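Data block below; observations after.
The values are calculated or read from the model by the stated rules, or taken from the named source; none is laboratory data. Computed from a predicted model, the values in this text were never measured in an experiment. Here the Cβ positions follow ideal geometry from the backbone for every residue, glycine too, while neighbour counts run over all protein chains shown.
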Amino acid sequence: MESDNVLEEPKKILCVGLVCVDLIQIVESFPKEDSDQRCLEQRWQRGGNASNNCTVFSQLGLPCEFFGTVSKGVFADYVENDFQELNISCDNCIVHEGRDFPLSSVIINKVNGSRTIIHSNRNLPELTADDFYKLDLSKYSWIHFEGRRNTAAIADMMRRVIHYNEEERLDNQLKVKLSVELEKANRTQLLDLIPLCDVAFVGKDYATSQAYTTMSDTVRHLKPNISEGCELVVAWGDRGAMGVSKEGKIVQSIAYTPSEIVDTLGAGDTFVAGTISILVKGHSLQDGITFGCKLAGAKVAIEGLKNLK
Ligand code: ADP
Ligand code: FRU
């Protein structure tokens with residue numbers, strides 16, 4: 001006989017986007033072109049915005065899953081083990097055999113914690129909407145998309161979630177929430193994703209590439225793009241973050257700058273995940289960005305994204 005007392009698995013936060021390996025070198029000062037020197041330290045780290053978001057969610061005790069494309073081989077094995085170590089599911093990832101794993105060479109300057117990233121993604125295909133349609137959406141409370149080159153496919157994925165919410169006639173509290181991050185410079189078409197989501201995150205690099213000069217300038221330009229009842233968040237390095245709440249109110253948080261800035265790689269990803277971790281519990285945008293800034297401030301004071309708490 002079937003029991004009606006089956007324990008339901010808690011819903012997960014799904015992060016859709018990139019996983020790569022970051023090959024990090026920490027240097028005493030930023031190198032001169034065509035020079036030759038030793039670094040102070042080096043390490044590998046699992047990277048990519050969506051993958052970094054998961055690293056943060058997992059440490060905050062929120063069940064999460066990474067969804068993206070991967071290849072096979074030594075880097076893929078490293079990444080899979082690391083996901084497992086943090087209890088981050090990656091079971092639905094799309095495997096493309098015989099392709100190169102995305103890698104980033106990252107120089108971290110010991111003097112100010114700045115990170116200079118040179119990214120390589122030679123031939124690994126981006127996710128398609130068909131890849132996404134295979135997911136069982138009932139497993140997720142929130143789906144966060146990293147805005148990437150496959151903008152049209154991402155828009156289709158987001159529409160699928162909107163359609164699912166309508167079809168299931170879920171009331172607002174039970175709806176799968178949608179967010180997107182616009183971070184990489186010069187991808188103007190990413191703006192098309194803003195009206196489709198509940199919360200749009202915009203990074204400083206993206207904003208300045210659109211010729212917006214400050215957080216408030218960015219908010220002023222992009223506020224008309226959000227749908228009614230939806231939210232906008234703009235992060236701006238050591239200036240903190242600003243947003244528009246679903247009631248249309250402007251909210252703001254200072255940055256929580258530590259006495260020493262050690263490593264800013266993934267600060268933005270930490271901020272985004274920290275903010276979502278509060279919003280997913282139904283709290284206000286003001287509380288969300290304040291926590292996001294505190295967590296990102298704690299991140300820049302340490303190496304890497306682990307040991308955040
Ligand atoms: P990224 O370049 O990694 O996308 P940002 O530089 O825009 O990210 O920073 C994202 C968030 O991280 C900021 O809103 C802030 O809360 C925090 N942050 C970044 N740099 C600093 C810093 N120097 N001091 C304190 N907080 C910082
Ligand atoms: C940090 C990051 C790195 C990665 C790069 C990709 O935000 O996700 O981990 O190498 O950006 O652009």
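The listed residues are Val202, Val180, Val234, and the only one of them that is of a type outside the set (Lys, Arg), buried (at least 23 other Cβ atoms within 10 Å of the Cβ) and touching a Phe, Trp or Tyr at 6+ places or on another chain (Cβ under 7 Å) turns out to be Val180. Here region 237-256 is the region considered, the condition is being within 23 Å of Leu60 (Cβ to Cβ) and assigned to a loop (DSSP other than H, G, I, E, B), and the residue that is nearest to ligand 1 (Cβ to nearest atom) is Ala255. Enumerate the pairs (first residue in region 73-92 and acidic (Asp, Glu); second residue anywhere and buried (at least 18 other Cβ atoms within 10 Å of the Cβ)) with beta-carbon separation below 6 Å, excluding pairs fewer than 6 apart on the same chain, so at least 6 apart or on different chains. That search, which allows pairs on different chains as well, returns Asp82/Arg46. Here Arg122 passes the criteria (1) free of Cβ contacts under 8 Å to residues at least 40 places away in the same chain; (2) more than 21 Å from Tyr206 (Cβ to Cβ); (3) within 16 Å of ligand 2 (Cβ to nearest atom); (4) touching a strand residue (DSSP E or B) at 6+ places or on another chain (Cβ under 7 Å) except the one numbered (4).
Of the residues Gly268, Gly288, the single one that is within 19 Å of the chain's Cα centre (by Cα) and without any contact (Cβ under 8 Å) to a residue 60 or more places away in the chain is Gly288.
Just one of the numbered conditions (1) more than 10 Å from ligand 1 (Cβ to nearest atom); (2) hydrophobic (A, V, I, L, M, F, W, C); (3) at pLDDT 95 or above; (4) within 27 Å of Gln25 (Cβ to Cβ) is not true of Leu308: (3).
Taken together, the residues in region 272-285 that are within 17 Å of the chain's Cα centre (by Cα) and small (Gly, Ala, Ser) amount to 3.
Residues in region 257-277 that are part of a helix (DSSP H, G or I), near ligand 2 (Cβ under 10 Å from one of its atoms) and among the aliphatic types (A, V, I, L, M): Ala267, Val272. Scanning region 291-304 for residues that are more than 6 Å from ligand 1 (Cβ to nearest atom) and surrounded by 22 or more Cβ atoms within 10 Å (Cβ to Cβ), which turns out farthest from Asp263 (Cα to Cα)? Among those residues, the one meeting the criterion is Gly292.
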